[in-house]
Amino acid sequence: MSIHMHLRAVAESEIRDDHTWLTAFMWEAWENHPDECAAGIAESLDKVWDSVNDLYAAAGALDADADESRGLPIYGGRPVAHSAGADPSNPPLGILDPRGVSRAASFLARVSFDELWNAAGARLGWTGWDEAQVRQEFLDYHDGLRGFFGRAAAAGHAVVRVVWA
């Protein structure tokens, strides 16, 4: 089973605060995901996004300024409520406003991946896997998120998040 967290940068003025509309918007974005990633307006993480969040949680011990912003890249923002009578199996959606996107970008730009990995890497569940390979996977996610949030912040965009299962 494939599970992905899909992030899409978009002008806040273009977002409708409606679960049904956002689901359709994000599905269309998912259908165009390779092109949108190439354009720098989309990013996705496979089912390890919670572990990426755990990696960022280690920043609290490394950087006192990271306490508020360390949770923004993965779980930041507010959830979008389902419409009345909507199918409860619809995907969970969230919106991180441009201010939050800017704070997430700032956090990702200043945090040291090596320091995070040294502080938390061993707790991320790679036992039995090649540590170098797992470290590289997390570094790739970190670099992707850093670039994505940096571009979104520079454009003044919000970020819409959905989990596809």
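Whether any residue in the range 56-63 is of a type in the set (Ser, Thr, Tyr), surrounded by 13 or more Cβ atoms within 10 Å (Cβ to Cβ) and more than 24 Å from ALA39 (Cβ to Cβ) is what I want to check.
Yes: the range 56-63 contains one or more residues that are of a type in the set (Ser, Thr, Tyr), surrounded by 13 or more Cβ atoms within 10 Å (Cβ to Cβ) and more than 24 Å from ALA39 (Cβ to Cβ).
In the range 1-29, how many are at pLDDT below 95 and either in contact with an Asp or Glu (Cβ under 6 Å, 6 or more places away or on another chain) or closer than 19 Å to TRP49 by Cα (or both)?
Final tally of qualifying residues: 4.
Name, by its number, the condition in (1) among the β-branched types (Val, Ile, Thr); (2) touching a strand residue (DSSP E or B) at 6+ places or on another chain (Cβ under 9 Å); (3) more than 26 Å from GLY156 (Cβ to Cβ) that does not hold for ILE95.
(3)
Can you find a residue in the range 79-90 that is out of contact with any His (no Cβ under 7 Å at 6 or more places or on another chain), surrounded by 13 or more Cβ atoms within 10 Å (Cβ to Cβ) and of a type outside the set (A, V, I, L, M)?
No, the range 79-90 has no match at all.
Hey, among the residues in the range 45-68 that are assigned to a loop (DSSP other than H, G, I, E, B) and over 14 Å from the mean Cα position of the chain (by Cα), which one's farthest from SER102 (Cα to Cα)?
If we take residues in the range 45-68 being assigned to a loop (DSSP other than H, G, I, E, B) and over 14 Å from the mean Cα position of the chain (by Cα), then ALA58 is farthest from SER102 (Cα to Cα).
Just to check your reading of the model, which residue among VAL160, VAL101 is under 22 Å from ARG16 (Cα atoms) and touching a Lys or Arg at 6+ places or on another chain (Cβ under 6 Å)?
VAL160
Taking the range 107-151, which residues are assigned to a loop (DSSP other than H, G, I, E, B), more than 18 Å from the chain's Cα centre (by Cα) and of a type outside the set (D, E, K, R)?
Selection gives GLY125, TRP126, THR127, GLY128, TRP129.
Being within 19 Å of ASN90 (Cα to Cα) and not in a helix (DSSP H, G or I) is the filter here, so list the residues in the range 23-44 that pass it.
SER44
Just the residues that are surrounded by 22 or more Cβ atoms within 10 Å (Cβ to Cβ) and either in contact (Cβ under 8 Å) with a residue 60 or more places away in the chain or more than 30 Å from ARG16 (Cα to Cα) (or both), please, taken from the range 146-157.
Matches in the range 146-157: PHE148, PHE149, ALA152, HIS157.
Out of the range 108-128, which residues are surrounded by 12 or more Cβ atoms within 10 Å (Cβ to Cβ) and either farther than 21 Å from SER44 by Cβ or in contact with a Gly (Cβ under 6 Å, 6 or more places away or on another chain) (or both)?
Hits for the range 108-128 are ARG110, SER112, GLU115, TRP117, ASN118, ALA119, ALA120, GLY121, ARG123.
Hey, does the range 83-92 have a residue that's over 18 Å from the mean Cα position of the chain (by Cα), touching a residue at least 12 places away in the same chain (Cβ under 8 Å) and over 25 Å from HIS19 (Cα atoms)?
The answer is no, given that none of the residues of the range 83-92 is over 18 Å from the mean Cα position of the chain (by Cα), touching a residue at least 12 places away in the same chain (Cβ under 8 Å) and over 25 Å from HIS19 (Cα atoms).
The values are calculated or read from the model by the stated rules, or taken from the named source; none is laboratory data. Please read all numbers here as calculations on a predicted model, not as lab measurements. Positions of Cβ are generated from backbone atoms using ideal geometry, with glycine treated the same way; all protein chains shown enter the neighbour counts.
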